[in-house]
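Here's the structure we're looking at; comments come further down.
The values are calculated or read from the model by the stated rules, or taken from the named source; none is laboratory data. Source: prediction; values computed, not measured. Note that we place each Cβ from the backbone using ideal geometry, even for glycine, and neighbour counts take in every protein chain shown.
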Amino acid sequence: MVDLLLPSDTSQARFKRSDRGKIVQARYYRSDAKRAASIRWMNGNRDKHRVHKLVFRLIRRGLLSRKPCEICGAEKSEAHHDDYSEPLKIVWLCHFHHHRIKHPKEAG
């Protein structure tokens, strides 16, 4: 069983938090490579992109509000969809638990 409650402290995570890691990330997120990767993802995942935009617009307009993580209760949460054909059927998860559910093989 995947441990959904304890975050792991990998060398990659430590690097991302370091000063050097923050510089590398900032440089990448401003690059043409990141922009091209985003466009490829949007074109390859049209349903997901449509649902992400819908949820973002509803939150911004105040028609949908974020709820705490359903596993740990963390206030900062992300919308998780088990089925993109039902865009308003949302499970609210913190980033850690959202990643653990989306990528269970990486969880250890």
Do any residues in the stretch 1-21 that are among the acidic types (D, E) have Cβ atoms under 8 Å from those of residues that are at pLDDT 50 or above, where the two are at least six apart or on different chains, and which pairs are they? D3/A107; D3/G108
Report yes if S77 is out of contact with any helix residue (DSSP H, G or I) (no Cβ under 7 Å at 6 or more places or on another chain), of a type in the set (S, T, N, Q) and within 26 Å of T10 (Cα to Cα), otherwise no. yes
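Just to check your reading of the model, which residue among I71, I101 is touching a residue at least 60 places away in the same chain (Cβ under 8 Å), surrounded by 12 or more Cβ atoms within 10 Å (Cβ to Cβ), closer than 22 Å to A13 by Cβ and more than 14 Å from the chain's Cα centre (by Cα)?
None of the other options fit; the residue is I71.
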Could you grab me the full set of residues in the stretch 57-108 that are part of a loop (DSSP other than H, G, I, E, B) and of a type in the set (D, E)? E70, E75, D82, D83, E86
Filtering the stretch 15-54 down to residues that are of a type in the set (G, A, S) and either in a helix (DSSP H, G or I) or closer than 18 Å to E78 by Cβ (or both) yields G21, A26, A33, A36, A37, S38, G44
Condition broken by R60, with the remaining ones in (1) farther than 24 Å from S38 by Cα; (2) loosely packed, with under 13 Cβ neighbours inside 10 Å satisfied: (1)
